[in-house]
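Colleague: Have a look at the structure that comes next, please.
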Amino acid sequence: DGGITQSPKYLFRKEGQNVTLSCEQNLNHDAMYWYRQDPGQGLRLIYYSQIVNDFQKGDIAEGYSVSREKKESFPLTVTSAQKNPTAFYLCASSIGGAYGYTFGSGTRLTVV
Amino acid sequence: QKEVEQNSGPLSVPEGAIASLNCTYSDRGSQSFFWYRQYSGKSPELIMFIYSNGDKEDGRFTAQLNKASQYVSLLIRDSQPSDSATYLCAVRYNYGQNFVFGPGTRLSVLP
């Protein structure tokens, strides 16, 4: 079955630690996205990539980094520079153009 | 700053009634409009999209778009308790650009 797989489902980060969230898709979609969702708020765009080896900052990129070395994979690193990382992180992909997103199941990150 | 606004709710309707969810957007240059449903703790799933003025129906769901008034709505007929979720409105302002999401409206269908 085609889809997007995010792992882990739950992640705990200690202060000052970098953590990486995995996102893999087998939909053959060109575009991939990372969003952050806080309670009672909408989705905010962190980074997006429309082609391999290229990515752009979204609205809240500070404290995050990404890579796109393969079409299928778009990992997100939450660095120690992100001071308030506790949130629900969603990865999405799209065939592009006028089509909607397919979302992964999300990773819930908590600072301990 | 492109904005998408929705009433946060909760919107409560009795089972079998019509639920009406509304969304307004700030930029007249918008191209396409999407409705996503998100159950608590889960990821959003696409319900419907609409590009042209007027109504678009899919089963119990109807999306309505009025570009002159800059609003898009989602009607859910014969509402069921399983429809209880947060509904996110998303607007794509230009072809190929990213979505801007509204904060979502929480719908509660009472048995």
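Colleague: Could you list all residues from the range A:48-74 that are aliphatic (A, V, I, L, M), touching a Phe, Trp or Tyr at 6+ places or on another chain (Cβ under 9 Å) and part of a strand (DSSP E or B)? Please lay out each step first, then the result.
Modeller: We begin by selecting, within the range A:48-74, every residue aliphatic (A, V, I, L, M); these are A:51-52, A:60-61, A:66.
This time we only want the ones that are touching a Phe, Trp or Tyr at 6+ places or on another chain (Cβ under 9 Å), so: A:61, A:66.
Matches in the range A:48-74: A:VAL66 only.
Colleague: For A:PHE88, indicate whether it is touching a Pro at 6+ places or on another chain (Cβ under 8 Å), within 17 Å of B:LEU88 (Cβ to Cβ) and surrounded by 15 or more Cβ atoms within 10 Å (Cβ to Cβ). Please lay out each step first, then the result.
Modeller: Details: touching a Pro at 6+ places or on another chain (Cβ under 8 Å): no; within 17 Å of B:LEU88 (Cβ to Cβ): yes; surrounded by 15 or more Cβ atoms within 10 Å (Cβ to Cβ): yes.
Spelling it out, it is not the case that A:PHE88 is touching a Pro at 6+ places or on another chain (Cβ under 8 Å), within 17 Å of B:LEU88 (Cβ to Cβ) and surrounded by 15 or more Cβ atoms within 10 Å (Cβ to Cβ).
Colleague: Looking at the range A:12-30 only, could you name the residues that are in a strand (DSSP E or B) and either under 20 Å from A:LEU109 (Cα atoms) or open to solvent by 70 Å² or more (accessible area, probe 1.4 Å) (or both)? Outline the logic, then answer.
Modeller: At the first step, the residues of the range A:12-30 found to be in a strand (DSSP E or B) are A:12-13, A:19-25.
Passing the criteria: A:PHE12, A:ARG13, A:VAL19, A:THR20, A:LEU21, A:SER22, A:CYS23, A:GLU24.
Colleague: Residue by residue through the range B:40-73, note down the ones that are more than 19 Å from B:ALA17 (Cβ to Cβ) and among the aromatic types (Phe, Trp, Tyr).
Modeller: B:PHE49, B:TYR51, B:TYR71
Colleague: Additional query: Could you list all residues from the range A:31-49 that are among the polar types (S, T, N, Q), surrounded by fewer than 16 Cβ atoms within 10 Å (Cβ to Cβ) and either in contact (Cβ under 8 Å) with a residue 12 or more places away in the chain or touching a strand residue (DSSP E or B) at 6+ places or on another chain (Cβ under 6 Å) (or both)?
Modeller: First pass over the range A:31-49, keeping only residues among the polar types (S, T, N, Q): A:37, A:41, A:49.
From the residues that got through so far, the ones that are surrounded by fewer than 16 Cβ atoms within 10 Å (Cβ to Cβ) too are A:41.
Those that are among the polar types (S, T, N, Q), surrounded by fewer than 16 Cβ atoms within 10 Å (Cβ to Cβ) and either in contact (Cβ under 8 Å) with a residue 12 or more places away in the chain or touching a strand residue (DSSP E or B) at 6+ places or on another chain (Cβ under 6 Å) (or both): none in the range A:31-49.
Colleague: Here are B:THR86, B:THR24: which of them is within 25 Å of A:LYS9 (Cα to Cα) and either surrounded by 16 or more Cβ atoms within 10 Å (Cβ to Cβ) or more than 9 Å from chain A (Cβ to nearest Cβ) (or both)? Full working, then the answer.
Modeller: On the way: B:THR24 fails: within 25 Å of A:LYS9 (Cα to Cα).
It is B:THR86.
Colleague: So, restricting to strands (runs of 3 or more DSSP E) that lie completely within chain B, which ones have at least 1 residues that are closer than 20 Å to A:GLN37 by Cβ and at pLDDT below 90?
Modeller: Values: elements: B:11-14, B:19-25, B:32-38, B:45-50, B:54-58, B:61-66, B:71-76, B:85-92, B:99-101, B:105-110.
Ranges flagged: B:85-92, B:99-101.
Colleague: While we're on this one: Can you tell which of A:ASN28, A:ASN18 is more than 12 Å from chain B (Cβ to nearest Cβ), at positive phi and in contact (Cβ under 8 Å) with a residue 24 or more places away in the chain? So that I can check it myself, show each step before the final result.
Modeller: Values: A:ASN18 fails: at positive phi.
Just one listed residue meets the conditions, A:ASN28.
The values are calculated or read from the model by the stated rules, or taken from the named source; none is laboratory data. Here the structure is a predicted model, which is why all the values come from computation and not from measurement. Because the Cβ atoms are built from the backbone with ideal geometry, glycine has one as well, and the counts that use them run over all protein chains shown. For accessibility, only protein heavy atoms count, side chains too; no ligands or nucleic acids. Shrake-Rupley method; radii C 1.70, N 1.55, O 1.52, S 1.80 Å.
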